[in-house]
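> Quick one: this structure, given as structure tokens, is what I'll be asking you about.
The values are calculated or read from the model by the stated rules, or taken from the named source; none is laboratory data. Just so it is clear, the structure is predicted and the values come from calculations on it, not from any experiment. Note that we place each Cβ from the backbone using ideal geometry, even for glycine, and neighbour counts take in every protein chain shown. Keep in mind that these areas ignore ligands, DNA and RNA; they rest on the heavy atoms of the full protein, side chains included. Shrake-Rupley method; radii C 1.70, N 1.55, O 1.52, S 1.80 Å.
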Amino acid sequence: MALQESGEMYLETILILSRERGHVRSIDISEYMGYSKPSVSRAVGLLKNGGYITMDEDGSISLTPAGSQIAEKILSRHTLLTQMLEHLGVDRQTASADACKMEHVISDETFEAFQKHMQAYES
């Protein structure tokens, strides 16, 4: 199952929240993303059926290896793109918002070129 941008955003959010809080529930995702509980419930169901997350009896959500791989990829893209835009003089809030849009459409080749550039820039 190919994941759409919204699915990637949910996985990224689950990763961020799990790092911040140790555990994630649907209500946490709803509050963090500003989405309604029914929308989050539907997305969680799709991600679970797709094999990207698991849910315990108590409602705790965890990423599967496949979900974790995608979430890590999206978060690393978001972080690097935000940093690049900030280095160009874009304010943090705008840089983060723009990075959020870019992270889903940028090719692996272009992202790797950005990574190499930033590594050289920071050296």
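> Given the chain, what count of lysine pairs have C-alpha atoms under 22 Å apart, with each pair 8 or more places apart or on different chains?
5
> To the nearest 10 Å², what's S96's accessible area with a 1.4 Å probe?
Taking all protein chains as shown, S96 has close to 40 Å².
> Same structure again: Taking every eigenvalue of the Cα gyration tensor of the chain, multiplying by 5 and rooting it, what semi-axes result, largest first, whole Å?
28, 15, 13
> Further question on the same structure: In segment 5-123, carbon and sulfur make up what percent of the accessible area (probe 1.4 Å)?
Accessible surface attributable to carbon and sulfur in segment 5-123 totals 50 percent.
> At 222 nm, what value in deg cm²/dmol follows for the chain if DSSP H runs of at least 4 each add -39500 (n - 2.57) and the sum is divided by all its residues, to the nearest 500?
My calculation for the chain gives -23000 deg cm²/dmol from helical runs alone.
> Further, regarding this structure: Return the FRET efficiency for the residue pair H87, S6: r is the Cβ-Cβ distance, R0 is 22 Å, and the value is rounded to the nearest 0.05.
The calculated FRET efficiency here is 0.15.
> With every protein chain left in place, what is the accessible area of T94 in Å² (1.4 Å probe, nearest 10)?
The accessible area of T94 comes to roughly 60 Å².
> Tell me, what is the FRET efficiency for H117 and T64 to the nearest 0.05, using R0 = 25 angstrom and their Cβ-Cβ distance as r?
0.15
> Have a look at G45, H117, A66 and report the one farthest towards the positive end of the charge dipole of the chain, computed about the Cα centre with Cβ charges (Lys/Arg +1, Asp/Glu -1).
Farthest towards the positive end: G45.
> How high is the relative contact order of the chain, given as a whole-number percent (alpha carbon pairs under 8 Å, six or more residues apart)?
The value is 22 percent.
> Note down the net charge around I74, summing +1 for each Lys or Arg and -1 for each Asp or Glu among other residues with Cβ under 14 Å from its Cβ.
Result for the local shell: -2.
> In addition: Per residue, how much accessible area does the chain have with a 1.4 Å probe, in Å²?
Roughly 60 Å² per residue, with all protein chains present.
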